[in-house]
Amino acid sequence: MTRTESAVPLTAGESIHAAATGSEWWRDAVIYQVYPRSFADGNGDGMGDLPGVTARLGHLAQLGVDAVWLSPFYRSPQKDAGYDVADYRQIDPLFGTLADFDAMRSRAHELGLRVIVDLVPNHTSDQHVWFAEALAAAPGSAARERYMFRDGKGADGSEPPNNWQSIFGGPAWTRLAPAGHDGPAGPQWYLHLFDSSQPDLNWENEEVRAEFENVLRFWLDRGVDGFRVDVAHGMVKEPGLPDWAGKVAMVEGADAGQPGRAGATSSDGTPVSNTAADAAEAESGGSNEGPMFDQEGVHEIYRAWHKVLAEYDDERCLVAEAWVSPMSRLARYVRDDEMQQAFNFAFLTTQWDAAAIRRVVAESLETMDAVGAPTTWVLSNHDVVRHASRLGLDEVADGPLNGIGPEDPQPDATLGLRRARAASLLMLGLPGSAYVYQGEELGLPDHTTLPDEVRQDPAFFRTKGKEAGRDGCRIPLPWEADAPGLGFGASGETWLPQPEAYRALAADQQYGVAGSTFEMYRNALELRRAEGLGRGGLSWVTGYAGAADVIALRVAGVVVLSNLGTTPVVLPEGAEVLISSAPVAGDASGIAVPSDTTVWLRA
Ligand code: NOJ
């Protein structure tokens, strides 16, 4: 190892974030995202389920997280993997029964884990009883008023009401098949910001508002500790639904799809006809401005929900999935009388670049502090390429978030894992609440060579294969290296194929193994708790404040230092390494932190 730098003192400057004063659990919780389809399969049908989750909750307790958030398990035709809900009060038979949910929740609570469920209020499934009623009812009827039905433009109403595009690609409007309920302009159109099987609800409608408050109460009564609110920035649309020439994307800053991938042949198979506009070139990517997002009216909804949660004890919480920018707009969702947390996607989308990361950390803390809310941190979820793959791409700067396919440049797995571990250890050292997506504690990459035939994400079909879609980050977890299906379930079946690389990363290969990614996360969470990092104040280490490749900060009594460069960083004498994301070498001239490595130090 060559060392060109001498040790920089680890003296911290002025505090940029004060230690948390509020005592609520969600201010510093580490929350583990379970994607039920892919966590663990209890009945051997190849699909994860709630009994599978219950059986593996010990993994989360051992890891040391505070809470679990489950993606949707409600009754659903699964056109968008459960984000198309047909009944908000029932469990889909794929995942089990309400009794299975109760058993899972009760076991989680016994283990000291809080339980957050997903709420999908922007749209229902087209199989929801309300949508069936709307189709059977006349234009202008109360049943249609629960959704966003409009007459088409043009003499015969054959053009969509406006030019909005679906976030999954293609038009955001679908025209009903001719039926006995057509108005004077012929069959109406309905809005769907996502797939045509996900009609948008009309949040100006009192019945819709009342229904969701009751859904909240239904799950609060069943003992859930909070809700992750899907598309929290999209429920209210600008009056008049004006045309919008900009692009829409769920993932802000996402790559607009990779040209040249083989075209998909099937579409989403909806029961109603999608017309000429469907032929429009599907494309996504860009920003989330526009008349369908971040409207003032959404905040009234969250103020009402805040009151519903306040009827219950135990510090229940709401978490916004809101892809909005700048961050000051995001902070408006977590004002005192609205939600408790919002996902920090700006952190997730920040490149592996010291200055950029310092900027987003400072901005996140400052902006959330201004409204008294905790900052959250997140690097992966079920909608984006896992960070172990993202960070292994040459073009990290513009790496795709919406999926990597076999024809795309492939990530360097070794580099990706090394950087992912460094990024995770940095994240877990920051004050606030952190989200861990299932499998990142094993260092899992995406499956980046899935064949088109097995893909299920509607984004792949609606973009006609231009976007690989999100299946690659949703692969069933590997639990046991030598079991069929890597121990995902008893039968060895898995709803998506697992890549060979998952075998060596199986949980049973990592438990108790010094240096494994699982043990790194487990140790980090233990230290984080013991040192009070989640509630600590933060200051930058002055000697590295403007460094090109080094991030160094002090949280509570710990220095967190990440070396993103190629030159080892020599630590001052006396610095004690508490944990590191990769081995650090020490010799007579001191300890050196190698490239793409994070350490926590007592110094
Ligand atoms: C965001 C969810 O995370 C994503 O998986 C889903 O496709 C869309 N919202 C639509 O519900």
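FYI, it's all coordinate maths here, none of it is from the lab. Values in this document were obtained by computation on a predicted structure and should not be read as measured data. For neighbour counting, all protein chains shown are included, and Cβ atoms are generated from backbone atoms with ideal geometry for every residue, glycine included.
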Query raised in the report: Tell me which lysines have Cα within less than 19 Å of residue 247's Cα, excluding those fewer than 8 residues away on the same chain?
Result: 237, 464, 466
Query raised in the report: Using mean Cβ contacts within 10 Å as the protection proxy, how do 39-50, 297-308, 143-154 order, highest first?
Result: 39-50, 143-154, 297-308
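Using mean Cβ contacts within 10 Å as the protection proxy, how do 98-105, 175-182 order, highest first? Numbers along the way, then the final one.
Numbers: 98-105: 18.1, 175-182: 14.0.
Packing proxy ranking, top to bottom: 98-105, 175-182.
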Query raised in the report: Rg(Cα) of the stretch 436-553 divided by 2.2 N^0.38 Å?
Result: 1.42
Query raised in the report: Can you pull the semi-axes for the chain, root of five times each eigenvalue of the Cα gyration tensor, sorted largest first, whole Å?
Result: 41, 25, 24
Requested in this report: List, largest first, the extents of the alpha carbons of the stretch 295-400 along their principal axes, each in whole Å.
Outcome: 50, 28, 27
**Report entry** From the C-alpha gyration tensor of the stretch 339-423, square roots of 5λ in Å
**Finding:** 27, 14, 10
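Take the Cα pairs of the stretch 406-457, get the Kirkwood Rh, then feed it into Stokes-Einstein at 20 °C and 1.002 mPa s and tell me D in µm²/s.
Working: Rh = 13.1 Å.
Once the numbers are plugged in, D ends up at 163 µm²/s.
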Query raised in the report: What dipole magnitude, in Debye to the nearest 20, does the chain give about its Cα centre under +1 on Lys/Arg Cβ and -1 on Asp/Glu Cβ?
Result: 840
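For a protection proxy built on the mean count of beta-carbon atoms within 10 angstrom, sort 313-322, 490-499 highest first, please.
In decreasing order of mean packing, 313-322, 490-499 become 313-322, 490-499.
To the nearest 20 debye, what is the magnitude of the charge dipole of the stretch 2-41 about its Cα centre, counting +1 on the Cβ of each Lys and Arg and -1 on the Cβ of each Asp and Glu? Walk me through the numbers before you get to the answer.
On the way: 3 positive and 5 negative charges, 23 e Å.
Magnitude of the dipole: close to 100 debye.
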